[in-house]
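> I'd like to ask some things about the structure below.
The values are calculated or read from the model by the stated rules, or taken from the named source; none is laboratory data. These numbers come from a predicted model, not from an experiment. FYI the Cβ positions are ideal-geometry reconstructions off the backbone, even for glycines, and counts take in every protein chain you see.
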Amino acid sequence: MRSSGERRAAERRRTHRDALLSIPRLRGVHSCGVRDLSDGGVGVRLNDLPLLPTEFNLSFDGFRTTLACRLVWRNGDLAGITFSQR
């Protein structure tokens, strides 16, 4: 059950796990820490990543599978990401 102050449409689950970001036209991958997860997206800690484009890929399993993502908001090292369909 969500609190009365909760504005999200999808219920989120708190978690602490690692994930990897792949940014188009940028070599390499970047680690991030997943703080919460829902069917529609994730909240992440970006581990001092200075720039994050609007669209990128996220993987929980070392890039055996990837999820297309879109940045919704960012506040310092924290970001809200929604899963998109490309």
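> If residue 19 satisfies every condition in (1) in a strand (DSSP E or B); (2) at pLDDT below 95 but one, which is the exception?
In the conditions (1) in a strand (DSSP E or B); (2) at pLDDT below 95, residue 19 misses (2) alone.
> Got a number for residues in region 41-86 being without any contact (Cβ under 8 Å) to a residue 12 or more places away in the chain and under 12 Å from residue 20 (Cα atoms)?
Number satisfying all stated conditions: 3.
> Right, another one. If you go through region 22-58, how many residues are β-branched (Val, Ile, Thr) and either at pLDDT below 90 or surrounded by 16 or more Cβ atoms within 10 Å (Cβ to Cβ) (or both)?
Number of matching residues: 4.
> Can you find even one residue in region 32-40 that is free of Cβ contacts under 8 Å to residues at least 24 places away in the same chain and outside any strand (DSSP E or B)?
Within region 32-40, none of the residues are free of Cβ contacts under 8 Å to residues at least 24 places away in the same chain and outside any strand (DSSP E or B).
> Could you please find all residues in region 56-86 being assigned to a loop (DSSP other than H, G, I, E, B) and not charged (D, E, K, R)?
Residues satisfying the conditions are 60, 62, 63, 65, 66, 76, 84, 85.
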